[in-house]
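The values are calculated or read from the model by the stated rules, or taken from the named source; none is laboratory data. Nothing here was measured: the structure is a model prediction, and the numbers come from that model. Positions of Cβ are backbone-derived with ideal geometry, glycine not excepted, and every protein chain shown enters the neighbour counts. Note: accessible area is taken over every heavy atom of the protein model, side chains too, but ligands, DNA and RNA are not part of it. Shrake-Rupley method; radii C 1.70, N 1.55, O 1.52, S 1.80 Å.
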Amino acid sequence: MGGKTGIELRSRLRSTEGLRPSRSCSPLQLLLPLSTEAVHPRPISEVCQRLLPTASAMGLELYLDLMSQPCRAVYIFAKKNGIPFQLRTIELLKGQHYTDAFAQVNPLRKVPALKDGDFVLAESVAILLYLSRKYKAPDHWYPQDLQTRARVDEYLAWQHTALRSCCSRAMWQKMMFPVFLGQPVPPERLASTLAELDGCLQMLEDKFLQNKAFLTGPHISVADLVAITELMHPVSAGCKIFESRPKLAAWRQRVEAAVGESLFQEAHEVVLKAKDMPPLMDPTLKEKLKLSVQCLLH
């Protein structure tokens, strides 16, 4: 075979060797058997369906208890930003975080926890930032600007051992220990805790809020969300922390307005009704809870 005809045939053979796709060839089509597709082409929708993960693998699951302040922050953030998720309620006061089933999700046995397909994440700040990045939340939540973001990070680092500790201890000492667990708290211990809380609130105003609309600038950020959910803990126990602090009270109103009043109330409904809970009667669970929260007495 020679001449023009031979050249054309060799050219056609080379064009099929190596399965080089043309520019118009879809990457999905390259995954299909050439000989079969050539005779019985499949609809592209069928191919996509075969390659996509199942609905259960794609679904975002949040393990939360709205009695928990960091869980409320995660819940509000996800709802406010239209992030679809399945709520998996873990009731801390019923000891559900101690179960083996939950330990398979989070070996730390704490909420919040996130499950995104095969990916599992613990710790509220990590979860908030993961959601912010994955779902491309508006920039004001966790700003791209280096120094503004650093201010958000600064607050998130400070609050763990400051406001978180004070607010949790104030709530438990004033309400949960005496009412729910039937364990009296020495008056001097409660007074010391409330004085420490007052000092934290002053630092929150002087160091972080100052004269700004929100903790890190003119717009709400995850720092404000984490802070307000913490402060609602002592509020639920009857602490009037905003009455003598008009600057902080005005900030609270701005945060509620930015989040949406109905969402804010929805997230805090459980904790604001905690004062009406009957005492815990299960002796085994009561002792287990007492052991786990004794640190909040000091």
Whose amide H sits under 5 Å from the amide H of residue 88, counting only residues 5 or more places off or on another chain, with H placed in the peptide plane?
62, 63, 64
Add +1 for every Lys or Arg and -1 for every Asp or Glu among the other residues with Cβ under 15 Å from the Cβ of residue 148, and state the total.
-2
Going toward the positive end of the dipole of segment 85-219, with +1 on Lys and Arg Cβ and -1 on Asp and Glu Cβ, which of 219, 102, 183 do you reach last?
102
Please compute the modelled spin-label separation between residue 157 and residue 145, points set 7 Å along Cα→Cβ, answer in nm with one decimal.
2.0
For segment 67-163, with only Lys/Arg (+1) and Asp/Glu (-1) charged at the beta-carbon, what is the dipole magnitude about the Cα centre, in debye rounded to 20?
240
By how many nm would the segment from residue 292 to residue 196 grow when fully extended, if each residue of separation counts as 0.36 nm and the alpha-carbon distance is taken off?
32.4 nm
How much length, in nm to one decimal, is gained on full extension between residue 130 and residue 203, taken as 0.36 nm per residue of separation minus their Cα-Cα distance?
23.5 nm
Could you tell me what percent of the accessible area of segment 116-256 is made up of carbon and sulfur, with a 1.4 Å probe and every protein chain present?
55
Please check which bits of segment 235-276 a label hung off residue 89 would reach, taking the label as a point 7 Å along Cα-to-C-beta and the cut-off as backbone N under 14 Å.
266-274
How many nm separate the modelled label positions at residue 100 and residue 253, each set 7 Å beyond the Cα in the direction of the Cβ?
5.5
With the 1.4 Å probe rolled over protein heavy atoms, segment 148-210 has an accessible area per residue in Å² of 43
Starting from segment 95-197, pick out the chymotrypsin sites (Phe, Trp or Tyr not before Pro) whose DSSP state is loop and whose Cβ has at most 15 other Cβ atoms within 10 Å.
135
I'd like the trypsin sites (Lys or Arg not before Pro) in segment 217-286 restricted to DSSP loop residues with at most 16 other Cβ atoms within 10 Å, sorted by number.
240, 273
